[in-house]
Amino acid sequence: RIGAGIEAFVELLAAEHVASALRGSGVLDLAAARRWGVTGPVARAAGLDLDLRRDDPVVAYPELAGVLHVPVHAEGDTLARMSCLLEEITVSLALVDACLDRLQEVGGPVDVRLPKVVRLPEGHVATWTENPGGVAGYLVVSHGEPTPWRVKIAAPSYASAQALGPLLIGTPVDHLATTVASMLLMVGDIDR
């Protein structure tokens, strides 16, 4: 239902002139992905089969296991990253469809009023989530006040940006834009 326009991008990426330009460009192999701590579609394009939605599921993900396909490629080049990203967009759209179907089955209201102020219990918690760009780590420290004493976020783009330097060595100038774009960098993630 959703995402009928994605086929144009899939066809473009499959076109031989595009695929041949991206194939072998900006290679990030599995060992380098692990060394730099790269996660998400960038790491899965290098062969790292890790997705927290499947491997450490929370909320409704266990119910969506039949829809959640984790694309993994081994080449680690710009073509593999772009292909992986397109496949993940398709998976995300299928997850949205499955959630909409599930909401129709459940019936009743889905909006719940939450209190304006939530007092966090004293202590600390560290957790991680699968985000579009990869795994993000969170640390929350509370002294029992309405506002946490400390919140730290380790965003996935920071690791991807670190891996970009070695990955660009030897990359032709006319491939720089697509290679950098395929790394899914978010400046706000890097600037923490």
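Structural remarks
- Qualifying residue in region 150-163 (condition: more than 14 Å from the chain's Cα centre (by Cα) and under 30 Å from H17 (Cβ atoms)): yes
- Residue match in region 101-109 (condition: of a type outside the set (A, V, I, L, M), touching a residue at least 12 places away in the same chain (Cβ under 8 Å) and open to solvent by 70 Å² or more (accessible area, probe 1.4 Å)): yes
- Residue list for region 130-167, filter: open to solvent by 50 Å² or more (accessible area, probe 1.4 Å), over 18 Å from A33 (Cα atoms) and among the polar types (S, T, N, Q): T147
- Of all the residues in region 50-99, those that are free of Cβ contacts under 8 Å to residues at least 24 places away in the same chain and under 23 Å from S25 (Cα atoms) number 1.
- Residue match in region 134-142 (condition: outside any strand (DSSP E or B) and either over 21 Å from D191 (Cβ atoms) or in contact (Cβ under 8 Å) with a residue 60 or more places away in the chain (or both)): no
- From the list P115, P148, the lone residue that is in contact with a Ser or Thr (Cβ under 6 Å, 6 or more places away or on another chain) and either in a strand (DSSP E or B) or farther than 21 Å from L48 by Cβ (or both) is P148.
- The set of residues in region 174-192 that are small (G, A, S), in a helix (DSSP H, G or I) and within 16 Å of V42 (Cα to Cα) comprises A177, A181.
The values are calculated or read from the model by the stated rules, or taken from the named source; none is laboratory data. Bear in mind the structure is a predicted one, so any value in this text is a computation, not a measurement. A quick note on method: Cβ atoms are made from the backbone with ideal geometry, for glycine too, and the neighbour counts reach across all protein chains shown. Ligands, DNA and RNA are stripped out before the accessible areas are found, and what is left, the full protein with its side chains, is counted by its heavy atoms. Shrake-Rupley method; radii C 1.70, N 1.55, O 1.52, S 1.80 Å.
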